[in-house]
Amino acid sequence: MQTIDQYLCLLDSYAYAVAEENAAGNTIVTAPTCGAAGVIPAVIMILEEHFHLDILTQRSGLLAAAAIGFIAKNNAGIVGAEVGCQGEIGVATAMAAAMIAQSQGYSPKVVENAAEIALEHQLGLTCDPVCGYVQIPCIERNAIGAVKACNAALIAENENSDTHMVSFDATVKAMGEIGRDMNSKFKETALGGLAVSMICC
């Protein structure tokens, strides 16, 4: 029997693997963007390899993830240059949380709440790649996003969904507003935040 630490290490490793493939210029699937492409595959690997979910269940989960990504893209944005990393890792995390909830057979309200919880706790996240590359902090953010997605689905499952206060639509609206107000140096320019706090040699 695997411990929670082992599952978390595997989840992190799966997310790192995809993010590193992206950093190396290899083929990946944008989900929803290249910089955030490790979150959903990491969660899929855990669901398939360790919880043995069948392909039809996985597809159902991916459809829920796609719906969440579509809503976020159309109503706010998913690109770091537009809305910061909240639109990349934040939306990927929301998509993965919805995928988990859907694949577990939860109600549509729980699926929405899982996505909302995941996105809400990424609001304001800047896109500040060190030296202009996707290695720092992007690779680690993929792993953190995958873990947050699992936790968001867990919280949504165990709360009273009727008393959940914030809707996914409201959170997406807030993300769009934050993104528009965010200083451009924090949106994929490598001119602010962590990018200027480190020396590139």
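Taken together, the values in this text are just the output of simple stated rules run on the coordinates, not laboratory data. Please read these numbers as outputs of a predicted model, since none were measured by experiment. Neighbour counts are summed over all protein chains in view; Cβ atoms, including those assigned to glycine, are modelled from backbone coordinates with ideal geometry.
Quick notes on this one:
- Relative to its Kirkwood radius, the Cα radius of gyration of the range 4-197 gives an Rg/Rh of 0.96.
- Angle of helix 108-120 to the longest C-alpha principal axis of the chain, folded into 0 to 90 degrees and rounded to 10: 20°.
- Placing +1 on the Cβ of every Lys and Arg and -1 on the Cβ of every Asp and Glu, with no other charges, gives the range 4-197 a dipole of roughly 420 debye about its Cα centre.
- Cα-based helix-to-principal-axis angle, 55-75 vs the chain, degrees rounded to 10: 40 degrees
- Cα-based shape type of the range 1-118, given that a ≥ b ≥ c are square roots of the gyration tensor eigenvalues and the cut on a/c is 1.5: oblate
- Residue among G176, G132, G38 with the largest mean-square fluctuation in a Gaussian network model of the chain, springs linking Cα atoms under 10 Å: G132
- Lysine pairs with alpha-carbon atoms under 19 Å apart, the chain, spacing 8 or more or separate chains: 5
- Shown in residue order for the range 28-42 are the 3J(HN,Hα) couplings computed by the Karplus curve 6.51 cos²θ - 1.76 cosθ + 1.60 at θ = phi - 60°: 9, 10, 5, 8, x, 9, 4, x, 10, 6, x, 5, 5, x, 4 Hz (x for Gly and Pro).
- Derived scalar couplings between HN and Hα for the range 100-105 equal 4, 4, 5, 5, 8, x Hz in order, rounded to whole Hz, by the Karplus curve 6.51 cos²θ - 1.76 cosθ + 1.60 (θ = phi - 60°), x for Gly and Pro.
- Remark: the Q135-R180 segment gains 13.7 nm on full extension, using 0.36 nm per residue and subtracting the alpha carbon distance.
- Hz values of 3J(HN,Hα) by residue in the range 186-195 - Karplus curve (6.51, -1.76, 1.60), Gly and Pro given as x: 9, 10, 6, 9, 6, 10, x, x, 4, 4
- Selection from A190, P32, A94, by position along the positive dipole direction of the range 4-197 (Cβ): A190
- In terms of other Cβ atoms within 10 Å, E159, E112 run from fewest to most in the order E159, E112.
- Residue-span extension gain [E20 to N74] - 0.36 nm each, minus C-alpha spacing: 16.6 nm
- For the chain, built as a Gaussian network whose Cα springs stay under 10 Å, the top-fluctuating residue of D162, D54, D128: D162
- With a Förster radius of 22 Å applied to the C-beta separation of Q58 and D5, the computed FRET efficiency comes to 0.30.
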